[in-house]
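Asker: Just dropping this structure here.
The values are calculated or read from the model by the stated rules, or taken from the named source; none is laboratory data. Quick caveat, the model's predicted, so the values are computed rather than measured. Positions of Cβ are backbone-derived with ideal geometry, glycine not excepted, and every protein chain shown enters the neighbour counts.
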Amino acid sequence: MRFEGRAVYPGVVEGRILLARHSVPGWNAFSEEGTIAEVGNPLYGRAVAGRILVLNGSRGSTGWGTQFLKLRLHGQSPAALLFPRTDSRSAAACVVSRVPAVADFDQDLFSILNDGDMVRVDGNTGTVQILAGAAQKDDECDVDDEPPPSGPSDT
Amino acid sequence: MTTASTPSVHLTDYENRMLAGEFGRAKQKALKFIVEYAGALGAEHLVEVRKAQLFVGAHHYLRSIESDDIDDVISAMYLNSDDRVELEGFGCFVQSDAGAVDAERWRNLGIEPAQQMRNKLYKERLRGVGLAEGNSCASYLIGFVPLRGEHYVSTESHALLFMNAVWGACANADSIEASVCAAVCGRTALWGMHVAENRAGTYLIEVDAEVSSVRDWDLLGYVVGKSTPSGEIPVLSGRLPAPEVEDLKSCFAAMSTSGSAEMCHIIGITPEAPTLAAAFTGGAPKATIKITDGDLQRAAEEIGAQGRGPVEYVSLGCPHYSLKQIQYVAEWFRTRRVAPGVRLDVWTAPATLENARSSGFVDLITAAGGQVVTSTCPLVSQAFPKVDSMAFDSIKQAKYMASSTQAQIFAGSVDDCLVAATAGSWKAIGR
């Protein structure tokens, strides 16, 4: 399955989806280990490195982009960033992250994608292709050792 | 290394010359960032910015770059540059946001001498290229006044929301890096709140709740922020009294903590919303959300600990207090004292501190055992005592501090906090 958005930052990458339906805050979003650090966030403790991180917009401080800059400087960046809709914080975060990014999709990402889906993100054309669903996990495609989540990823 | 494609961004001759490096490498790097950012947004043009409020100083997060060379850090952390460039000047007026250190009272806050020295060097470096010291998040209280239609940038999310909403000024809450780059090159993306037709309300918020105190406005802001999706513009209507500046200061601080609003209309109050029709520029809201007393109560229960308990640290002034708020605290302590074993910090801008001092307010608070401190806050400075319990009169501070400390955190009204500071325990009941 393939769907289209607006190309935001160039590059092509494959990786597994991490759905952040509630996004992350603009302050202390990630721990030093690169895991989501917001108390109460359904993704608390989940690592973002190497993931295709789908963020439901930005939230909180203008330090939002800085959270992603720190990830890059510590080698913990997501493999790509997907945003259902562009906002000013998310665009700035894409520039400092320097990873392929696509936004402004013609379909609802959160109803199409599941945590752990293997996808290819093309930040040059704005195309996202699902290569394998979370249930069809292929070891060759695996990007980390984390098991797929057992329940709803982010409610 | 890849760079963002920017086919959609049209530059003027002056901007092209800057991008080619004619005005120095720092401006070149800054404009390169802004052009990439504009491309990421899908913006077609840039716009000149006249003033900037910037979060600059020896902030803890800058230590991601292991270097004592300030230009190394500025290059990597602000200008998105892998090469070291030297900042030679700004492209507009620049006033500092709240920073990492109170340069006068750092010892009282437990800030290490090395951190004070580091911050001093940062500030000297930046003053050397034109930084004006404001040192407050609530810049709009101390003379940073972009007027209606004026383009500016700000690293302070709540101040930006205030200035956009209350004065009709134009900025996006994009990022620290985008704001610094815009300040250096004097340009930002002509997108979002910089474009008049994008400023119309999209979400109608019908308030059917008792909103009669700063605390109520704080809670209302939190609920509105949580209820308004990213990219939408809330329009507040309903049972709302005319707010004072302190009400909106707290409302917008909470709103920009729980959400990402960059603009907010209040019917009959903010200049672009004299009527409901004007706020939506004749269109219909995408959604209508009703906020009740129950919603505010649930927000109060979500932020901070419930019930009673000892309090060892009380922090007032997020966002930085106005002179009126300092007077209120001073009057409370005219006949009372801070309980033994409790530390009370009252945060404000350095300029406001001087007014509070000459008004006698600082002496009253100091004599009671508290202190008035400036330029930073517990969250930004990380200068808070290592205690087991804290109290804040700010949802923003309470919410963000929860990820900085294991201490039990109470959040409530200023009166709740003053009672706690005087008694050494939290007794707040209700919201």
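Asker: Could you tell me how many of the residues in segment A:57-75 are in contact with a Pro (Cβ under 6 Å, 6 or more places away or on another chain) and either more than 7 Å from every other protein chain (Cβ to nearest Cβ) or acidic (Asp, Glu) (or both)?
Answerer: Quick first cut of segment A:57-75, residues in contact with a Pro (Cβ under 6 Å, 6 or more places away or on another chain) only: A:59-60.
Then drop every residue that is not either more than 7 Å from every other protein chain (Cβ to nearest Cβ) or acidic (Asp, Glu) (or both), which leaves none.
Number of matching residues: 0.
Asker: Got at least one residue in segment B:346-363 being within 17 Å of B:Gly424 (Cβ to Cβ) and over 22 Å from the mean Cα position of the chain (by Cα)?
Answerer: Checked segment B:346-363: no residue is within 17 Å of B:Gly424 (Cβ to Cβ) and over 22 Å from the mean Cα position of the chain (by Cα).
Asker: If you don't mind, there's one more thing I want to ask. Quick one: is B:Asp393 modelled with pLDDT of 95 or more, in contact with a Cys (Cβ under 8 Å, 6 or more places away or on another chain) and among the acidic types (Asp, Glu)?
Answerer: Spelling it out, B:Asp393 is indeed modelled with pLDDT of 95 or more, in contact with a Cys (Cβ under 8 Å, 6 or more places away or on another chain) and among the acidic types (Asp, Glu).
Asker: Only one residue in A:Leu43, A:Leu69, A:Leu82 is in contact (Cβ under 8 Å) with a residue 24 or more places away in the chain, within 28 Å of B:Ala398 (Cα to Cα) and not in a loop (DSSP other than H, G, I, E, B). Which one?
Answerer: Details: A:Leu43 fails: not in a loop (DSSP other than H, G, I, E, B); A:Leu82 fails: within 28 Å of B:Ala398 (Cα to Cα).
Of A:Leu43, A:Leu69, A:Leu82, the one residue that is in contact (Cβ under 8 Å) with a residue 24 or more places away in the chain, within 28 Å of B:Ala398 (Cα to Cα) and not in a loop (DSSP other than H, G, I, E, B) is A:Leu69.
Asker: Inside segment B:181-249, counting only strands (runs of 3 or more DSSP E) that do not spill past its ends, which hold 2 or more residues that are under 15 Å from A:Asp87 (Cα atoms)?
Answerer: By residue number, B:187-189.
Asker: OK, next. Count, please, the residues in segment B:155-172 that happen to be touching a His at 6+ places or on another chain (Cβ under 8 Å) and within 10 Å of chain A (Cβ to nearest Cβ).
Answerer: Looking only at that region, the number is 2.
Asker: Ok, one more. Across segment A:101-124, what is the number of residues that are part of a loop (DSSP other than H, G, I, E, B) and out of contact with any Ser or Thr (no Cβ under 8 Å at 6 or more places or on another chain)?
Answerer: So the answer is 8.
Asker: Something else: Considering (1) more than 13 Å from every other protein chain (Cβ to nearest Cβ); (2) without any contact (Cβ under 8 Å) to a residue 40 or more places away in the chain; (3) closer than 23 Å to A:Ser97 by Cβ, say which one B:Ser175 fails and leave the rest.
Answerer: Answer for B:Ser175: the failing condition is (1).
Asker: Follow-up question, since we're still on this one. Could you say which residue among A:Pro25, A:Pro78 is within 12 Å of chain B (Cβ to nearest Cβ) and farther than 20 Å from B:Ala189 by Cα?
Answerer: That would be A:Pro25, the only listed residue that is within 12 Å of chain B (Cβ to nearest Cβ) and farther than 20 Å from B:Ala189 by Cα.
Asker: Can B:Leu276 be described as more than 22 Å from the chain's Cα centre (by Cα) and surrounded by fewer than 22 Cβ atoms within 10 Å (Cβ to Cβ)?
Answerer: So B:Leu276 fits the description; yes.
Asker: How many residues, within segment A:81-98, are surrounded by fewer than 24 Cβ atoms within 10 Å (Cβ to Cβ) and more than 9 Å from every other protein chain (Cβ to nearest Cβ)?
Answerer: Residues that pass the stated criteria total 1.
Asker: Please determine, by comparing only the residues of segment B:182-196 that are in contact (Cβ under 8 Å) with a residue 40 or more places away in the chain and of a type outside the set (Gly, Ala, Ser), which one is nearest to B:Ser250 (Cα to Cα).
Answerer: B:Met193
Asker: Which of the residues that make up segment A:1-22 are among the small types (Gly, Ala, Ser), part of a strand (DSSP E or B) and within 11 Å of another protein chain (Cβ to nearest Cβ)?
Answerer: Listed by number, the list holds a single entry, A:Ala7.
Okay, residues lined up against (1) at pLDDT 95 or above; (2) buried (at least 23 other Cβ atoms within 10 Å of the Cβ); (3) under 14 Å from B:Phe162 (Cβ atoms):
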residue: B:Ala183; (1), (2), (3): yes, yes, no
residue: B:Arg187; (1), (2), (3): yes, yes, no
residue: B:Thr202; (1), (2), (3): yes, no, no
residue: B:Ala209; (1), (2), (3): yes, no, no
residue: B:Ser212; (1), (2), (3): yes, no, no
residue: B:Glu246; (1), (2), (3): yes, no, yes
residue: B:Met255; (1), (2), (3): yes, yes, yes
residue: B:Ser260; (1), (2), (3): no, yes, no
residue: B:Pro271; (1), (2), (3): yes, no, yes
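Asker: Here's a check for you: in segment B:71-95, which residue that is buried (at least 24 other Cβ atoms within 10 Å of the Cβ) and in contact with an Asp or Glu (Cβ under 7 Å, 6 or more places away or on another chain) is nearest to the other protein chains (Cβ to nearest Cβ)?
Answerer: B:Asn80
Asker: So if I check each of B:Asn135, B:Asn119, which one is touching a residue at least 24 places away in the same chain (Cβ under 8 Å), on the phi > 0 side of the Ramachandran plot and not aromatic (Phe, Trp, Tyr)?
Answerer: Within the list B:Asn135, B:Asn119, the selection yields B:Asn135.
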